[in-house]
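Working notes, beginning with the structure itself.
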Amino acid sequence: MLNTFWMILKRDLKLALRRRSEVFTVLFFFIIVVSLFPLGVGFNEKMLQEIAPGVAWIAALLASMLALERLFANDYVDGTLEQMLLTPQPLSILVFAKMTAHWLLTGLPLVLVAPVVGVLYHLEAETVITMMLMLLLGTPVLSMIGAIGAALTLGLRGGGVLISLLILPLYIPVLVYGSGAIAESRLQSGNIEPHILLLSAFLLLSLIFSPWATASALKISLE
Amino acid sequence: MSLIVSDLQCTRGNRQLFSELNFQLSPKQLLFLEGKNGSGKTTLIRTLCGLFIADKGNILWQNQPIEEHLEVYRKALFYLGHLNAIKGDLSALENLRFNHLMSGQKNNDDDLLDALERIGLFGYEDFPTRELSQGQKRRVALARLIVNKSPLWILDEPFVALDVAAVELLQQIISQHIEVGGMAILTTHQAVPLTEGEVQHINLDDFATKSGRVTDA
């Protein structure tokens with residue numbers, strides 16, 4: 001079972017490395033969205049610090065959404081997905097491996113470029129560290145919830161728009177607590193622990209339920 | 001070891017494709033599925049693979065319903081559809097290795113390279129498959145047949161896009177599989193000469209249900 005997981009993860013990463021532009025699209029999208037805001041709302045230091053948590057998270061949501069459509073679509077079009085469904089391996093492991101690959105390629109890079117947001121928005125080092133921590137906890141949730149939507153809309157016309165409508169509302173809790181923690185960390189009396197615990201709870205819940213839900217959705221989509 | 005289909009009925013959308021379909025497939029038997037376009041060949045094949053749920057009827061593998069023993073059944077099954085299931089960015093060898101391992105079989109790169117050579121891809125093993133021609137891509141997909149040990153092969157139009165030499169080779173591979181006690185279901189009009197074993201034909205037009213057809217109106 002672990003073997004299957006590694007095999008798919010390795011294959012997806014290898015495919016992504018041979019088609020690097022797709023990975024960089026997501027990353028640059030994030031950076032561009034984040035850097036547009038200071039241009040639009042002005043360079044007032046205080047205001048930028050104020051909006052930074054929300055902007056960073058919204059940009060992260062949209063960036064992670066960008067690559068969702070391709071999560072299963074490529075495998076669906078060339079018949080690989082059908083073959084995967086017919087292997088003796090449990091489908092949820094397969095799906096979990098693909099989610100992990102998606103996160104490594106789209107979520108983790110966002111965590112790593114978070115300091116750029118810090119520089120653009122005059123954030124203190126401590127706030128940047130909190131932001132990285134929250135992104136580290138929150139972006140896997142985005143990948144996992146997103147996978148359910150991607151599986152449900154597989155093969156539909158206009159699936160890309162539909163995913164956004166389906167999934168963005170489900171991202172709201174992550175957005176609220178993720179950006180809440182960053183805002184909180186800027187206050188003297190701020191306590192980010194509840195936020196961390198809640199986001200961790202979301203992470204655990206989606207770890208348990210989303211591979212299973214995605215697998216069921218895939219079976220329906222491929223019938 | 002046999003595949004038994006009894007009283008099978010399938011509907012696609014609101015069109016009933018076929019009903020009361022019965023057949024049995026035992027080792028050393030080759031089954032040809034025939035029927036005009038739209039008669040439900042692909043639907044039947046997908047149903048036999050467990051990808052599509054039939055309205056009615058049973059599919060038994062070793063006397064057990066396939067949906068209750070999916071893992072056992074899938075280990076015994078090899079399916080190849082219209083799509084090649086290969087990745088353009090991976091080489092022929094990488095594609096073959098991944099697909100082979102995923103179907104739960106043991107990896108041995110020498111065997112895989114031999115298979116690629118036999119299917120006529122010697123010298124192309126390390127090219128990304130997107131640079132290959134349609135026929136060569138199909139050959140990459142078919143190379144899996146050579147290394148595959150599953151008893152039941154279900155092949156949907158396996159001869160499409162192949163040249164004369166490859167058609168001959170595939171006929172050989174299938175007839176060898178039957179010879180050693182395998183079973184195969186094919187949707188094709190291409191005959192496969194067998195040295196041993198038995199051939200069955202099923203024409204889905206004989207099982208078409210008139211009442212369910214929208215076109216009757």
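Can you list the residues, at least 5 places off or on another chain, whose amide H is less than 5 Å from the amide H of B:L31, using H built in the peptide plane?
Residues meeting the amide H criterion: B:A184, B:I185, B:L186, B:Q200.
Would you tally the net charge around A:T87, using a Cβ to Cβ cut-off of less than 11 Å, leaving A:T87 out, and scoring K and R as +1, D and E as -1?
The answer is 0.
So what's the net charge close to A:L133: Lys and Arg +1, Asp and Glu -1, counting the other residues with Cβ under 13 Å from its Cβ?
Cβ neighbours under 13 Å give a net charge of -3.
May I ask for the distance between the Cα centers of segment A:78-100 and segment B:173-202, given as a whole number of Å?
30 Å
Could you pull out the trypsin sites (Lys or Arg not before Pro) across segment A:150-223 that fall in loop regions by DSSP (anything but H, G, I, E, B) with no more than 11 other Cβ atoms inside 10 Å?
Those that pass, being in a loop and sparsely packed, are A:R157.
For Cα pairs less than 8 Å apart in space and 6+ apart in sequence, what is the mean separation divided by the residue count of segment A:2-222, i.e. the relative contact order in percent?
Once normalised by length, the contact order is 26 percent.
So what does log10 I(q)/I(0) come out to for segment B:3-216 at q = 0.08, 0.18 Å⁻¹, using the Debye formula with one equal point on every Cα and no solvent?
Here log10 of I(q) over I(0) equals -0.29, -1.31.
For B:D126, B:D156, what's the fewest-to-most ordering of other Cβ within 10 Å of each Cβ?
Fewest-to-most ranking of B:D126, B:D156: B:D126, B:D156.
Which trypsin sites (Lys or Arg not before Pro) in segment A:1-82 pass both tests, a DSSP loop state and at most 14 other beta-carbon atoms within 10 Å?
Those that pass, being in a loop and sparsely packed, are A:R19.
Please arrange A:M84, A:M132 by counting, for each residue, the other beta carbons lying within 10 Å of its beta carbon, fewest first.
Ascending number of Cβ neighbours within 10 Å: A:M132, A:M84.
Given chain A, report the % of alpha carbon pairs whose separation exceeds 20 Å.
59 percent
Based on the Kirkwood radius over alpha-carbon pairs, what value in µm²/s does the Stokes-Einstein equation return for the translational diffusion coefficient of the protein assembly as shown at 37 °C and 0.692 mPa s?
Details: Rh = 24.3 Å.
It comes out at roughly 135 µm²/s.
Show that you can apply the helix-only estimate: for chain A, add -39,500 (n - 2.57) for every DSSP H stretch of four or more residues, divide by all residues, and state [θ] at 222 nm to the nearest 500.
Values: 10 runs with 185 residues, N = 223.
Mean residue ellipticity, 222 nm, calculated: -28000 deg cm²/dmol.
Can you quote the Å³ per residue value for the convex hull of the Cα atoms in segment B:33-135, rounded to an integer?
It is 146 Å³ per residue.
I need A:T106, A:T80, B:T42 ordered by Cβ neighbour count within 10 Å, fewest first.
B:T42, A:T80, A:T106
Would you tally the net charge around A:I51, using a Cβ to Cβ cut-off of less than 13 Å, leaving A:I51 out, and scoring K and R as +1, D and E as -1? Can you show the working numbers first?
Working: positive: A:K46, A:R186; negative: A:E45, A:E50.
Neighbourhood net charge equals 0.
So what are the radius of gyration and Dmax for the Cα set of segment B:52-92, in Å?
Here Rg and the maximum Cα pair distance are 14.6, 42 Å.
Please identify every one of the chymotrypsin sites (Phe, Trp or Tyr not before Pro) in segment B:84-125 that sits in a loop by DSSP and has no more than 11 other beta carbons within 10 Å of its own beta carbon.
Details: sites: B:F98, B:F122, B:Y124; in loops: B:F122, B:Y124.
Answer by residue number: B:F122.
Mind putting a number on the dipole of chain A about its Cα centre? Charges go on the C-beta only, +1 for Lys and Arg and -1 for Asp and Glu, and I need it in Debye to the nearest 20.
My answer is approximately 540 debye.
Suppose a student asked you for the relative contact order of segment B:3-216, using Cα pairs under 8 Å spaced at least 6 residues apart; what percent would you report?
Result for segment B:3-216 is 33 percent.
Report the Cα centroid-to-centroid distance between segment A:48-66 and segment B:28-65 in angstrom, as an integer.
Each part reduced to its Cα centre gives a spacing of 50 Å.
Return the calculated 222 nm mean residue ellipticity for chain B, to the nearest 500 deg cm²/dmol, obtained by summing -39500 (n - 2.57) across DSSP H runs with n ≥ 4 and dividing by the residue count.
The per-residue figure over chain B is -9500 deg cm²/dmol.
Readers should treat all values here as calculations from the given coordinates under stated rules, not as data from a laboratory. Everything numeric here is computed off the predicted structure, so don't read it as measured data. Note: ideal-geometry Cβ built from the backbone for every residue, glycine included; neighbour counts use all protein chains shown.
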